[in-house]
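**Q** Take a look at the following structure, please.
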Amino acid sequence: GSSMGAADGDEVAAPGSVTNMRAKMMQQRERMLAKQRSAGVGGGSMVIANQGMPTTAGPAAPSSPSASASPTGSMSMSGTLNKPLAGERAGTSEMLGRTTTGFSEAGDDDDGKQGAVAPMLSATASKEEEEARRAQLKQQLNERGISSEYDPSGGSFFERKSDFDVANVKPHEMRMFLHRPAPENAGTIQCRVVRDRGGISTKLHPRYTMESDNGIFLMTAQKQVKNKTSNYAVSMLKGNANKESEGFIGKLRSDFLGIEWVAYGPGLNPSKVDQKLPTSHQLQLVREELVAVQYTASKWGPSAKGPRKMSVILPRVQANGERLACRTLSPATDGLMALFKSQSPAAIPLIDTYNNKPPVWNEQIGAYVLNFNKRVTEASVKNFQLVSASDPKIVYLQFGRVGKDTFNLDFRHPISPFQAFAMCLSSFDYKLGCE
């Protein structure tokens, strides 16, 4: 064998392989670092990585004097070794990079920044240690807004689970919570809608109740009698829902064909406002339009008529979280549905438009299918997912059947609970020309 230097007397095999070349360079760097430390030149910080990290199979590189002298049995090397040597295998370079740490010289651009440190892995790590490591990693990913689970469906509806709990909403804040956009940090709010049509009064005029997944009552709605078109009164109190009740928070009404729906907050019909009052006073008395829904027939897939198409129009929620108020004395020209149909440049900044996600035809089962992430279990024409017209990759609301009279409803910011409930109520009625 040939000697690397008379002063050190370390012997290695002839440099006839890449491994021996790498060992030779490592020894040279170790001697240089040892001289710098003895001369007091080692500026910057040094982080020790575990020596027990796995390496590639083959002859092991000989230990340098500085490495064997470490009292902790750990190895410290320069971060520049992360660069692969000429002709070195990619796997060897990757493993070497994982076992070394960064070393910053004085005056370097990264002064004060620690190098990346590989975790101390052990083949005999206990199950508890592995679970703790995974939990810590998951927490770090959540803090950075990164999903810890891969969703092969490509959707981003359930990318983050939230600690938000409807049970923490105080009673005097419930009305505001139901009308305001869902908190942006709440993530996906999971609820269910239960239909009651078992009694005499609810056979032709069913009652619908919306509650959280934990059973917290939110609101109820019932189809009103003696109306030419479908009309639902929504109340935040249990029992009969009507416009005269103390808990009345709004209503939903359709046109004669059942294909256009508008939901309103409490207030007067513009046609019933005293025209003698100042315009500003009239606008304070008139009801606010909160959501409009339009259904049309569609031709998705090979059949002559596929599932119905659904368009939803909401007043735009601004960057500060406040929703634009749609109060108008002329709903035929300035209402949500009119703004949607006009498609004028002046209307675009005032509204947000959503569409139901097109289902995919499945030849094996002969039906249209959507991926509801196990939140919907039964087929129904009422099942739908709502996506933004500007960004169809994000699902903002999904609704579907899980029992004979039970439906799951999940939604997120900027949709409010009342708006979500109104959209789903509109899906229950028969749509003339769409079905």
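The values are calculated or read from the model by the stated rules, or taken from the named source; none is laboratory data. Note that the structure is predicted; figures quoted are calculated from it, not measured. Cβ: placed from backbone, ideal geometry, glycine included. Neighbour counts: every protein chain shown. For accessibility, only protein heavy atoms count, side chains too; no ligands or nucleic acids. Shrake-Rupley method; radii C 1.70, N 1.55, O 1.52, S 1.80 Å.
**Q** Evaluate the following for SER245: is it under 28 Å from GLN190 (Cβ atoms) and surrounded by 19 or more Cβ atoms within 10 Å (Cβ to Cβ)?
**A** Values: under 28 Å from GLN190 (Cβ atoms): yes; surrounded by 19 or more Cβ atoms within 10 Å (Cβ to Cβ): no.
So SER245 does not fit the description; no.
**Q** Another question, if that's okay. Of the residues GLN136, GLN190, only one is open to solvent by 90 Å² or more (accessible area, probe 1.4 Å) and at pLDDT 75 or above; which? First the steps, then the outcome.
**A** Numbers: GLN190 fails: open to solvent by 90 Å² or more (accessible area, probe 1.4 Å).
Exactly one of GLN136, GLN190 is open to solvent by 90 Å² or more (accessible area, probe 1.4 Å) and at pLDDT 75 or above, namely GLN136.
**Q** Further, regarding this structure: Given the conditions (1) modelled with pLDDT under 90; (2) open to solvent by 40 Å² or more (accessible area, probe 1.4 Å); (3) part of a helix (DSSP H, G or I), report the number of the one that THR202 does not fulfil.
**A** THR202 satisfies all of (1) modelled with pLDDT under 90; (2) open to solvent by 40 Å² or more (accessible area, probe 1.4 Å); (3) part of a helix (DSSP H, G or I) except (2).
**Q** Within region 206-301, which strands (runs of 3 or more DSSP E) (wholly inside it) include 2 or more residues that are modelled with pLDDT of 90 or more and closer than 27 Å to LEU324 by Cβ? Show your work before the answer.
**A** Details: elements: 207-212, 217-223, 231-235, 248-254, 260-264, 289-296.
Per the criteria, 217-223, 231-235, 248-254, 260-264, 289-296.
**Q** While we're looking at this one, here's another question. Return the residues of region 402-421 that are open to solvent by less than 10 Å² (accessible area, probe 1.4 Å) and either part of a loop (DSSP other than H, G, I, E, B) or under 17 Å from GLN385 (Cβ atoms) (or both); say none if nothing qualifies. Steps first, answer last, please.
**A** Pass one, region 402-421, residues open to solvent by less than 10 Å² (accessible area, probe 1.4 Å): 407, 409-411, 415-421.
Hits for region 402-421 are PHE407, LEU409, ASP410, PHE411, ILE415, SER416, GLN419, ALA420, PHE421.
**Q** Looking at region 339-400, what strands (runs of 3 or more DSSP E) fall wholly within it and have at least 3 residues that are over 18 Å from the mean Cα position of the chain (by Cα)?
**A** Of the strands (runs of 3 or more DSSP E) lying wholly inside region 339-400, those with at least 3 residues that are over 18 Å from the mean Cα position of the chain (by Cα) span 351-356, 360-362, 367-369.
**Q** Then there is this: Residues being under 28 Å from PHE428 (Cα atoms), part of a loop (DSSP other than H, G, I, E, B) and open to solvent by 60 Å² or more (accessible area, probe 1.4 Å): count how many of those fall in region 307-328.
**A** Residues in region 307-328 being under 28 Å from PHE428 (Cα atoms), part of a loop (DSSP other than H, G, I, E, B) and open to solvent by 60 Å² or more (accessible area, probe 1.4 Å): 3 in total.
**Q** Would it be correct to say that PRO331 is farther than 21 Å from LEU425 by Cβ and of a type outside the set (Asp, Glu)? Even if it seems obvious, please write down each step before you answer.
**A** Numbers: farther than 21 Å from LEU425 by Cβ: no; of a type outside the set (Asp, Glu): yes.
Spelling it out, it is not the case that PRO331 is farther than 21 Å from LEU425 by Cβ and of a type outside the set (Asp, Glu).
Matching residues to (1) among the β-branched types (Val, Ile, Thr); (2) in contact with a helix residue (DSSP H, G or I) (Cβ under 9 Å, 6 or more places away or on another chain); (3) under 21 Å from SER254 (Cβ atoms); (4) surrounded by fewer than 12 Cβ atoms within 10 Å (Cβ to Cβ):
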| residue | (1), (2), (3), (4) |
| --- | --- |
| ASP334 | no, no, yes, no |
| GLN343 | no, no, no, yes |
| GLU363 | no, no, no, yes |
| LEU370 | no, no, no, no |
| VAL376 | yes, no, no, no |
| PHE399 | no, yes, yes, no |
